[in-house]
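Colleague: Sharing a structure, written as structure tokens. Questions coming.
The values are calculated or read from the model by the stated rules, or taken from the named source; none is laboratory data. Source: prediction; values computed, not measured. So basically every Cβ, Gly included, is an ideal-geometry build from the backbone, and we count neighbours across all protein chains shown.
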Amino acid sequence: MEGVYRFLLTPRWWGINVFVVLAIPFCIFMGSWQLGRFEDRVQDHETATTQQDSDRREAARPLAELLPVDKATVGDQTTVSGRYADQLLVPERQLDGREGYYVLTLLRTDGGKALPVVRGWLPGEPDAAKAPAPPTGEVTVTGALQAAESVGSNGVSPRTGWPDGQTGAISAATLLNLVPYDVYDAWITLNEGDSGMRAVPVSAPQNTGLDLKAFQNLGYTAEWFAFVGFVIFMWFRLLRREVELARDAELGLAPEDGDDERGEDPDREKTGRQASPSGV
């Protein structure tokens, strides 16, 4: 290569060019992958919403036909018979922007295993005296099946050490420490709130909503594509600088080795200082 562009054949610029050639497709791939993740979450959200509307119109099925709970069965209508037993409150749960708590009652089935049933929601601080007592005797309940909760899902707080009679999450792992019988690793929310309480809406399956993770994917997409532009910009900036230096060198304008920034000969300055006894 002739002229001012001969520097492109140097080892330094070979390294720069190889980095650019590899970095740009990698960033495009990662940006496309993050965008695909965001689109998948949007699709899952739309599918979950459509499925919830469909589930409300379907006939309730026995619980045994819907277990274990997965994305396909979350929100399905189920009917269960048994007797209500222990009652717990689930604090820090919002409904329509208001702070409140769930009233959770364990339904002992004929097999002895208990199904957590959210009978409704009440506003304010948890108060066992305000929570309506469950019906006595044999009951049959119908509601939407829900997956066991974990920290971060459905507004579950990471807080521990709840007061007696309260639980932070609705899951078998949590409830087994609070009641002396086996518990299904699932729960239902009644279609109509019991005893004047408000019914708790069906929650979408985890990782199917337009939550923070979805918008993080979108943000990462923008970052990867912005990095593509940054790499290209820096390459052209370095190229332009090298071309200018090469042209200056051809015109004899570049400083020679041994000259300081002012273009003076350091040996000449040193000799001048030695010739002056006063150092001036």
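Colleague: Based on this model, can you work out whether D164 counts as of a type outside the set (F, W, Y) and without any contact (Cβ under 8 Å) to a residue 12 or more places away in the chain?
Modeller: Details: of a type outside the set (F, W, Y): yes; without any contact (Cβ under 8 Å) to a residue 12 or more places away in the chain: yes.
The answer is yes for D164.
Colleague: Name the residues in segment 10-29 that are among the hydrophobic types (A, V, I, L, M, F, W, C) and within 15 Å of W224 (Cβ to Cβ), would you?
Modeller: Initial filter on segment 10-29 (among the hydrophobic types (A, V, I, L, M, F, W, C)): 13-14, 16, 18-24, 26-29.
Across segment 10-29, the qualifying residues are L22, A23, I24, F26, C27, I28, F29.
Colleague: Just checking, which of T160, T174, T167, T189 is β-branched (V, I, T), surrounded by fewer than 18 Cβ atoms within 10 Å (Cβ to Cβ), assigned by TED's automatic domain parsing to the domain that holds P126 and out of contact with any Phe, Trp or Tyr (no Cβ under 8 Å at 6 or more places or on another chain)?
Modeller: Working: T174 fails: surrounded by fewer than 18 Cβ atoms within 10 Å (Cβ to Cβ); T167 fails: surrounded by fewer than 18 Cβ atoms within 10 Å (Cβ to Cβ); T189 fails: surrounded by fewer than 18 Cβ atoms within 10 Å (Cβ to Cβ).
Matching residue, one of T160, T174, T167, T189: T160.
Colleague: Select from segment 71-86 the residues that are touching a residue at least 24 places away in the same chain (Cβ under 8 Å) and within 29 Å of the chain's Cα centre (by Cα) and write down the one among them that is farthest from E192 (Cα to Cα). Lay out the reasoning, then the answer.
Modeller: Step one: filter segment 71-86 for residues touching a residue at least 24 places away in the same chain (Cβ under 8 Å), giving 71, 73-86.
Next, from what is left, pick out any that are within 29 Å of the chain's Cα centre (by Cα): 71, 73-77.
On the way: K71: 23, T73: 20, V74: 18, G75: 14, D76: 15, Q77: 13 Å.
This residue is K71.
Colleague: Can you say whether P205 is within 21 Å of E125 (Cβ to Cβ) and modelled with pLDDT under 90, as far as the supplied structure shows? Before you say what the answer is, go through the steps one by one.
Modeller: Numbers: within 21 Å of E125 (Cβ to Cβ): no; modelled with pLDDT under 90: yes.
No, not satisfied.
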